[in-house]
Amino acid sequence: MTKPTPHLKKVSKNELPDDMKQSWDQANDLTGDATFVEVSGNNPDVYRWYLDEFYQKLFYSDRLETTLVELVRLRLANVHGCAFCNKGDTAHALKSGITQEQIDALDDYMNGPFSDREKSALKLADQMVLTNEKGNISSDLYSELNTHFNDGEIYELGMIMAVLVGVAKFTFVYDLVEKEDYCPF
(Lines give C-alpha, C1' and ligand atoms only; values in the text may rest on other atoms or scores of the structure.)
Protein backbone atom coordinates (compact mmCIF):
# COMPACT_ATOMS: atom_id res chain seq x y z
CA MET A 1 0.00 0.00 0.00
CA THR A 2 1.10 3.52 -0.77
CA LYS A 3 0.97 5.98 2.12
CA PRO A 4 -0.18 9.55 1.37
CA THR A 5 2.38 12.35 1.15
CA PRO A 6 0.39 15.50 0.37
CA HIS A 7 1.91 18.84 -0.57
CA LEU A 8 -0.72 20.68 1.46
CA LYS A 9 0.01 21.26 5.13
CA LYS A 10 -1.31 18.67 7.56
CA VAL A 11 -2.97 20.32 10.56
CA SER A 12 -2.11 18.39 13.71
CA LYS A 13 -4.92 16.93 15.77
CA ASN A 14 -4.22 19.42 18.57
CA GLU A 15 -4.69 22.34 16.16
CA LEU A 16 -7.94 21.06 14.64
CA PRO A 17 -11.30 22.52 15.70
CA ASP A 18 -12.99 20.37 18.34
CA ASP A 19 -15.52 18.83 15.92
CA MET A 20 -12.69 17.75 13.61
CA LYS A 21 -10.74 16.13 16.45
CA GLN A 22 -13.52 13.56 16.67
CA SER A 23 -13.26 12.99 12.90
CA TRP A 24 -9.50 12.58 13.29
CA ASP A 25 -10.04 9.91 15.96
CA GLN A 26 -12.62 8.08 13.83
CA ALA A 27 -10.42 8.12 10.72
CA ASN A 28 -7.39 6.97 12.66
CA ASP A 29 -9.33 4.21 14.45
CA LEU A 30 -10.97 2.91 11.24
CA THR A 31 -8.07 3.23 8.82
CA GLY A 32 -4.89 3.95 10.76
CA ASP A 33 -4.46 7.22 8.87
CA ALA A 34 -6.01 10.66 9.34
CA THR A 35 -4.24 12.55 6.54
CA PHE A 36 -7.55 13.45 4.86
CA VAL A 37 -8.84 15.06 8.07
CA GLU A 38 -5.51 16.75 8.80
CA VAL A 39 -5.36 18.40 5.37
CA SER A 40 -9.06 19.25 5.62
CA GLY A 41 -8.10 21.22 8.73
CA ASN A 42 -6.82 23.90 6.34
CA ASN A 43 -10.46 24.70 5.52
CA PRO A 44 -12.84 23.31 8.17
CA ASP A 45 -15.92 24.86 6.55
CA VAL A 46 -15.45 22.87 3.34
CA TYR A 47 -14.91 19.70 5.38
CA ARG A 48 -18.09 20.39 7.35
CA TRP A 49 -19.99 20.95 4.10
CA TYR A 50 -18.83 17.52 2.91
CA LEU A 51 -19.93 15.80 6.12
CA ASP A 52 -23.12 17.74 6.76
CA GLU A 53 -24.49 18.57 3.33
CA PHE A 54 -23.33 15.54 1.37
CA TYR A 55 -23.31 12.75 3.92
CA GLN A 56 -26.10 13.80 6.27
CA LYS A 57 -28.50 15.39 3.79
CA LEU A 58 -27.89 13.20 0.73
CA PHE A 59 -25.98 9.96 1.36
CA TYR A 60 -27.75 9.13 4.64
CA SER A 61 -31.06 10.82 3.78
CA ASP A 62 -32.97 7.49 3.86
CA ARG A 63 -34.57 8.25 0.49
CA LEU A 64 -32.48 5.31 -0.71
CA GLU A 65 -31.79 2.46 1.67
CA THR A 66 -28.49 2.79 3.53
CA THR A 67 -27.35 -0.69 2.54
CA LEU A 68 -27.74 0.23 -1.14
CA VAL A 69 -25.66 3.41 -0.98
CA GLU A 70 -23.07 1.65 1.19
CA LEU A 71 -22.79 -1.12 -1.42
CA VAL A 72 -22.20 1.28 -4.30
CA ARG A 73 -19.76 3.35 -2.23
CA LEU A 74 -17.75 0.23 -1.41
CA ARG A 75 -17.86 -0.95 -5.04
CA LEU A 76 -16.48 2.40 -6.21
CA ALA A 77 -13.73 2.36 -3.57
CA ASN A 78 -12.79 -1.23 -4.47
CA VAL A 79 -12.46 -0.44 -8.17
CA HIS A 80 -10.57 2.79 -7.51
CA GLY A 81 -8.12 1.11 -5.13
CA CYS A 82 -8.54 3.55 -2.26
CA ALA A 83 -7.22 1.64 0.79
CA PHE A 84 -8.38 4.39 3.17
CA CYS A 85 -11.87 4.19 1.65
CA ASN A 86 -11.95 0.39 1.57
CA LYS A 87 -11.14 0.17 5.28
CA GLY A 88 -13.65 2.80 6.38
CA ASP A 89 -16.36 1.87 3.88
CA THR A 90 -16.16 -1.81 4.82
CA ALA A 91 -16.74 -0.96 8.48
CA HIS A 92 -19.70 1.30 7.59
CA ALA A 93 -21.12 -1.34 5.23
CA LEU A 94 -21.02 -4.04 7.90
CA LYS A 95 -22.60 -1.67 10.42
CA SER A 96 -25.43 -0.92 7.95
CA GLY A 97 -26.31 -4.61 7.65
CA ILE A 98 -24.31 -5.68 4.61
CA THR A 99 -22.81 -9.12 5.17
CA GLN A 100 -19.17 -10.11 4.79
CA GLU A 101 -20.37 -12.58 2.14
CA GLN A 102 -21.76 -9.66 0.11
CA ILE A 103 -18.56 -7.65 0.54
CA ASP A 104 -16.50 -10.62 -0.62
CA ALA A 105 -18.77 -11.02 -3.68
CA LEU A 106 -18.55 -7.41 -4.93
CA ASP A 107 -16.00 -8.26 -7.64
CA ASP A 108 -18.50 -10.72 -9.14
CA TYR A 109 -21.73 -9.12 -7.95
CA MET A 110 -23.86 -10.54 -10.78
CA ASN A 111 -23.32 -14.00 -9.26
CA GLY A 112 -23.34 -12.78 -5.66
CA PRO A 113 -25.97 -12.62 -2.92
CA PHE A 114 -27.55 -9.38 -4.09
CA SER A 115 -31.10 -8.43 -5.00
CA ASP A 116 -31.88 -7.41 -8.58
CA ARG A 117 -32.24 -3.83 -7.32
CA GLU A 118 -28.75 -3.93 -5.79
CA LYS A 119 -27.27 -5.51 -8.92
CA SER A 120 -28.72 -2.77 -11.12
CA ALA A 121 -27.27 -0.09 -8.80
CA LEU A 122 -23.89 -1.84 -8.90
CA LYS A 123 -24.08 -1.88 -12.71
CA LEU A 124 -24.60 1.88 -12.59
CA ALA A 125 -21.59 2.18 -10.27
CA ASP A 126 -19.50 0.40 -12.91
CA GLN A 127 -20.51 3.11 -15.38
CA MET A 128 -19.55 5.85 -12.90
CA VAL A 129 -16.07 4.62 -11.87
CA LEU A 130 -13.06 6.76 -12.75
CA THR A 131 -11.58 3.95 -14.82
CA ASN A 132 -14.60 3.89 -17.17
CA GLU A 133 -14.02 6.95 -19.34
CA LYS A 134 -16.95 6.13 -21.63
CA GLY A 135 -19.48 5.21 -18.96
CA ASN A 136 -23.12 5.89 -19.79
CA ILE A 137 -26.63 4.75 -19.06
CA SER A 138 -27.56 2.69 -22.10
CA SER A 139 -31.20 2.10 -22.95
CA ASP A 140 -30.88 -1.41 -21.54
CA LEU A 141 -29.34 -0.23 -18.28
CA TYR A 142 -31.96 2.51 -17.93
CA SER A 143 -34.75 -0.04 -18.48
CA GLU A 144 -33.23 -2.28 -15.84
CA LEU A 145 -32.75 0.59 -13.39
CA ASN A 146 -36.29 1.82 -14.06
CA THR A 147 -37.64 -1.59 -13.07
CA HIS A 148 -36.29 -1.02 -9.56
CA PHE A 149 -36.06 2.78 -9.17
CA ASN A 150 -38.08 5.79 -10.24
CA ASP A 151 -36.30 8.56 -12.17
CA GLY A 152 -35.82 10.64 -9.02
CA GLU A 153 -34.07 7.73 -7.32
CA ILE A 154 -31.91 7.04 -10.39
CA TYR A 155 -30.93 10.72 -10.41
CA GLU A 156 -30.16 10.71 -6.68
CA LEU A 157 -28.15 7.49 -6.91
CA GLY A 158 -26.14 8.97 -9.78
CA MET A 159 -25.54 12.21 -7.88
CA ILE A 160 -24.33 10.31 -4.82
CA MET A 161 -21.92 8.36 -7.01
CA ALA A 162 -20.80 11.51 -8.82
CA VAL A 163 -19.81 13.16 -5.53
CA LEU A 164 -18.07 9.99 -4.32
CA VAL A 165 -16.17 9.64 -7.61
CA GLY A 166 -15.26 13.33 -7.63
CA VAL A 167 -13.98 13.17 -4.07
CA ALA A 168 -12.01 10.03 -4.97
CA LYS A 169 -10.34 11.91 -7.82
CA PHE A 170 -9.65 14.84 -5.46
CA THR A 171 -8.09 12.59 -2.80
CA PHE A 172 -5.89 10.87 -5.38
CA VAL A 173 -4.74 14.10 -7.06
CA TYR A 174 -4.01 15.73 -3.69
CA ASP A 175 -2.50 12.47 -2.31
CA LEU A 176 -4.68 12.45 0.79
CA VAL A 177 -5.38 8.73 1.17
CA GLU A 178 -3.56 5.44 1.39
CA LYS A 179 -3.83 3.49 -1.88
CA GLU A 180 -4.03 -0.23 -2.59
CA ASP A 181 -1.16 -1.68 -4.62
CA TYR A 182 -3.56 -2.14 -7.55
CA CYS A 183 -4.73 1.49 -7.49
CA PRO A 184 -4.38 2.92 -11.03
CA PHE A 185 -3.96 6.50 -9.77
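The values are calculated or read from the model by the stated rules, or taken from the named source; none is laboratory data. Being a predicted model, the structure only gives us computed values, none of them experimental. Using ideal geometry, Cβ is built from the backbone for each residue, glycine included, and neighbour counts are taken over all protein chains shown.
Tabulated data
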item: Matching residues in region 21-35 - criterion: being in contact (Cβ under 8 Å) with a residue 24 or more places away in the chain and either over 23 Å from Lys179 (Cβ atoms) or of a type in the set (D, E, K, R) (or both); result: Asp33
item: Condition check for Thr31: β-branched (Val, Ile, Thr) and either modelled with pLDDT under 95 or over 30 Å from Lys119 (Cα atoms) (or both); result: yes
item: Selection within region 159-174 - surrounded by fewer than 18 Cβ atoms within 10 Å (Cβ to Cβ) and not aliphatic (A, V, I, L, M); result: Gly166, Lys169, Phe170, Tyr174
